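Engineer: Sharing a structure below in structure tokens format, with a few things to ask.
The values are calculated or read from the model by the stated rules, or taken from the named source; none is laboratory data. These numbers come from a predicted model, not from an experiment. Note that each Cβ is placed from the backbone with ideal geometry, even for glycine, and that neighbours are counted across all protein chains shown.
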Amino acid sequence: MGGRGPKFVKERYSALDRLLHRLVLGSHAIRSLTYDLNRIVSPAVPENFIDRKHIFVSGLARSGTSILLRCLFGSQQFATLTYRHMPFVLAPDLWMKASRKFQIESVASERAHGDGLSVDFDTPEAFEEIFWLTFSLRSYVAEESLYLQDSDDINQDTIEKFVCFVSNVVSCNDKALGVARYLSKNNNNVLRLGALRRAFPSACLLVPFREPLSHAQSLLSQQERFSKIQTQDPYVLRYMNWLGHHEFGLNHKPFCFPGSKKLKVADKYHIDYWLAYWIIVYRYLIERSPKGTIFVNYDLLCRYPEHSLHSLARKIEIHPAHLDPTVFMEKKRSRPSHYDKALLAEAELLHQHLVQLSA
């Protein structure tokens, strides 16, 4: 989810801020209007824009997508969405020009996940989903699940709108010299990897993965944490719904991939649910990801960051000197003692396959 949890909301969001977010993000008509207004003032899409190696980081939550995004963004070789684009995410050119005179510096504070990552207004985040919530031809957000999107959901007109949106995010960036490539982190993009490839044939689709048991434990911890947070502050729940973030918490909705029906009767507050979900998501990604998808071994990045970043830099065509290995740190991960051993064995076989694909 976006990093603005209760602490960030209370310190940065006044009652007026909350009202503005509700009006803009909560209204399909207003979101669509801001996109149309932005098209009036934004420059045309460059001729070779769709052929550039834009980067889309996507995968299961807690797989290292956020820290990978920050590492890549820190290279100053990419443009992406930050908190300064909120709440007018679909009007990046218009909003950045209008807000430039009253932008303020912010003090970083730890995000709601309690994982040591800090956020401020210049932190990149997963706001791209607002585009798909606004322009998908039919809703993919159901009561219990998030559904796959195909050509019936994302037609050529929507693809062209998305290309314009991405181009606008790049064109309004004024902090990175020579920026020409877009960078995105959006876990929900696993629902539409084919559409991303159609929009940008040369794009780098990065899918991080972790060792399944510790990953499942991390997901369970966040499920418990965000359920408590959202119970205490309902605005956080509404905020996550506006952004289309359903990874965990009271509004958790799993991706509706083959095999996900059995999750409906499972206990979201038990490790076995998240182990089964890990299997469902990564089996689908192994079998159905577009050709050229780059699987990224996050555990290896933390264990051998310099070597791993050199390998990744070569794949995404960026000089490794631009990537900071110190952002990746190997941590001692807690491993639960009670879990379905057959589930773990199945997950570990898939994990071995992922390791081979990432080599």
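Engineer: Please work out if Ile159 is in a helix (DSSP H, G or I), touching a Lys or Arg at 6+ places or on another chain (Cβ under 9 Å) and at pLDDT 95 or above.
Structural biologist: yes
Engineer: Sticking with this structure for a sec: Do the conditions hold for Val207, that is, is it in contact with a Phe, Trp or Tyr (Cβ under 6 Å, 6 or more places away or on another chain), of a type in the set (Val, Ile, Thr) and in a strand (DSSP E or B)?
Structural biologist: Numbers: in contact with a Phe, Trp or Tyr (Cβ under 6 Å, 6 or more places away or on another chain): yes; of a type in the set (Val, Ile, Thr): yes; in a strand (DSSP E or B): yes.
Yes; evaluated as a whole, the condition is true for this residue.
Engineer: For Glu224, which of the numbered conditions (1) touching a Gly at 6+ places or on another chain (Cβ under 7 Å); (2) in contact (Cβ under 8 Å) with a residue 24 or more places away in the chain fails to hold?
Structural biologist: It fails just one condition, (1).
Engineer: Got a sec? Which of Arg225, Arg192, Arg197, Arg288 is under 18 Å from the mean Cα position of the chain (by Cα), modelled with pLDDT of 95 or more, more than 30 Å from Ala29 (Cβ to Cβ) and of a type in the set (Lys, Arg)?
Structural biologist: Numbers: Arg225 fails: under 18 Å from the mean Cα position of the chain (by Cα); Arg192 fails: more than 30 Å from Ala29 (Cβ to Cβ); Arg288 fails: under 18 Å from the mean Cα position of the chain (by Cα).
After ruling out the rest, the residue left standing is Arg197.
Engineer: Let me ask you something else. Could you tell me which of the residues Val281, Val355, Val327, Val296 is closer than 30 Å to Arg181 by Cβ, modelled with pLDDT under 95 and of a type outside the set (Lys, Arg)?
Structural biologist: Going through Val281, Val355, Val327, Val296 in turn, the sole match is Val327.
Engineer: Output the number of the condition that Asn188 fails; it satisfies all remaining conditions of (1) part of a loop (DSSP other than H, G, I, E, B); (2) in contact with a strand residue (DSSP E or B) (Cβ under 7 Å, 6 or more places away or on another chain); (3) not aliphatic (A, V, I, L, M).
Structural biologist: All conditions are met except number (1).
Engineer: Any idea which of (1) crowded, with 17+ Cβ neighbours inside 10 Å; (2) in a loop (DSSP other than H, G, I, E, B); (3) touching a His at 6+ places or on another chain (Cβ under 9 Å) is the one Gln76 doesn't satisfy?
Structural biologist: It is condition (1) that Gln76 fails.
Engineer: Then there is this: Among all residue pairs at least 6 apart or on different chains, which show Cβ distances below 8 Å where the first residue, located in segment 347-358, is under 8 Å from Phe295 (Cα atoms) and the second is at pLDDT 95 or above and part of a helix (DSSP H, G or I)?
Structural biologist: These pairs meet every condition: Leu354/Tyr282; Leu354/Ile286; Leu357/Ile286; Ser358/Leu300.
Engineer: Report every pair of residues separated by at least 6 positions or lying on different chains whose Cβ atoms are under 8 Å apart, first residue within segment 83-108 and hydroxyl-bearing (Ser, Thr, Tyr), second at pLDDT 80 or above.
Structural biologist: Tyr83/Thr123; Tyr83/Glu125; Ser99/Arg84
Engineer: On to the next question. From the residues in segment 265-278 that are modelled with pLDDT under 95 and outside any helix (DSSP H, G or I), which one is surrounded by the most Cβ atoms within 10 Å (Cβ to Cβ)?
Structural biologist: Ala266
Engineer: Could you tell me whether Lys161 is within 16 Å of the chain's Cα centre (by Cα) and among the basic types (Lys, Arg)? Walk me through how you get there before you give the answer.
Structural biologist: On the way: within 16 Å of the chain's Cα centre (by Cα): no; among the basic types (Lys, Arg): yes.
No; evaluated as a whole, the condition is false for this residue.
Engineer: State which residue pairs qualify: first residue assigned to a helix (DSSP H, G or I) and inside segment 131-149, second residue small (Gly, Ala, Ser) in any location, beta carbons under 8 Å apart, and separation of 6 or more residues or different chains.
Structural biologist: Note: pairs meeting the criteria are Trp132/Gly244; Leu133/Gly244; Thr134/Ser32; Phe135/Ser32.
Engineer: Ok, one more. Filter segment 313-336 down to the residues that are touching a residue at least 40 places away in the same chain (Cβ under 8 Å) and not in a loop (DSSP other than H, G, I, E, B), then identify the one that is nearest to Gln77 (Cα to Cα).
Structural biologist: Of everything passing the filter in segment 313-336, His322 is nearest to Gln77 (Cα to Cα).
Engineer: Okay, moving on. Can you name the residue in segment 286-318 that is acidic (Asp, Glu) and either within 18 Å of Leu357 (Cβ to Cβ) or touching a Leu at 6+ places or on another chain (Cβ under 7 Å) (or both) and is also surrounded by the most Cβ atoms within 10 Å (Cβ to Cβ) among such residues?
Structural biologist: Asp299
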